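The values are calculated or read from the model by the stated rules, or taken from the named source; none is laboratory data. Everything quoted here is computed from the prediction, not taken from an experiment. When the accessible area is computed, the model is the full protein with side chains, heavy atoms only, and any ligands, DNA or RNA have been set aside. Shrake-Rupley method; radii C 1.70, N 1.55, O 1.52, S 1.80 Å.
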Amino acid sequence: MDMRNNLFPAAIFFTALLFIFSPAGAVILEANGMGKISDINVSEKTITVYSEYQFATSYSGSTPLSEWIASDAGNVTGVVPDISAFDTFSVGDPVRFIILGGSGGTYLGIAKITELSGKAKVTDLTGDPEREVFKPLAGDYILKTSPVPNCAECLGTVCTASSADVTVIRSGETLTNSGLLPGESYEYTTQNPKDFDISVKFIKGESPSDICKSTGSFGKMTGPQAVSVYEIHISPGVLPTAEETKQPSPSATEATPGFGFVTALFAALGTAFFIRRS
């Protein structure tokens with residue numbers, strides 16, 4: 001067996017040891033993978049992925065090299081970041097994922113991809129897009145998100161996000177730089193089947209509490225990392241239908257003013273002529 005196949009379980013094992021022997025509240029273990037969805041359980045709010053690859057970083061001297069390598073992780077089950085995932089994903093879909101705490105934990109993000117390949121592009125995502133695993137996006141979009149903390153709602157290392165700053169860039173052009181409240185969306189529509197539409201919905205989020213400077217102890221704390229959830233969809237543009245582009249044309253009666261009156265007049269004259277002949 002290729003030695004690389006053992007990297008994923010080994011990495012999980014040693015990272016888990018660090019997690020176990022770290023102070024309480026340490027950063028939660030993250031595991032990633034790529035494979036196909038093997039099961040969806042709506043009642044349990046879980047998706048299971050048969051993971052065949054992992055995203056790993058090695059070093060050549062001081063130069064990092066990140067790539068997808070083979071792994072034998074097998075089935076990984078996690079709780080979805082939001083139930084909207086069940087409207088997006090189906091059994092058999094190729095996906096990439098990051099899961100908190102390993103199998104049985106909660107997905108930090110799960111993304112549908114164009115193919116089961118390291119060169120694949122992400123078309124749909126439920127979770128946090130600010131990870132290298134979830135790049136590149138289809139349509140050559142670049143997405144930058146930044147949750148804005150509500151410093152009155154902080155607990156330990158995280159604060160609830162009151163909103164999120166969302167920037168969408170393509171071909172060097174900034175399409176939007178807007179703030180979204182929880183539940184709000186941004187949509188860009190091309191109406192070109194050779195191009196791609198994108199929609200970004202901010203569902204909920206957290207921000208590191210050390211951003212809030214009102215409490216000096218924030219910066220000294222250790223604890224769970226901030227996690228945000230977005231719903232992202234990228235799809236080919238759709239031309240307007242003929243019905244949508246067709247201008248309403250006036251009807252025959254509308255095109256000829258008085259048409260109804262003239263018709264009635266001739267009908268009356270015809271009737272009178274018939275009665276007189278009789």
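Things to note:
- For the residue pairs 121/194; 45/121; 45/112; 144/194; 144/213; 45/204, alpha carbon separations beyond 19 Å are given by 45/121; 144/194; 144/213.
- Overall form of the stretch 157-203 per C-alpha gyration tensor (a/c, 1.5; a/b vs b/c): prolate
- With protein chains left intact and a 1.4 Å probe, residues in the stretch 80-121 average 37 Å² of accessible area per residue.
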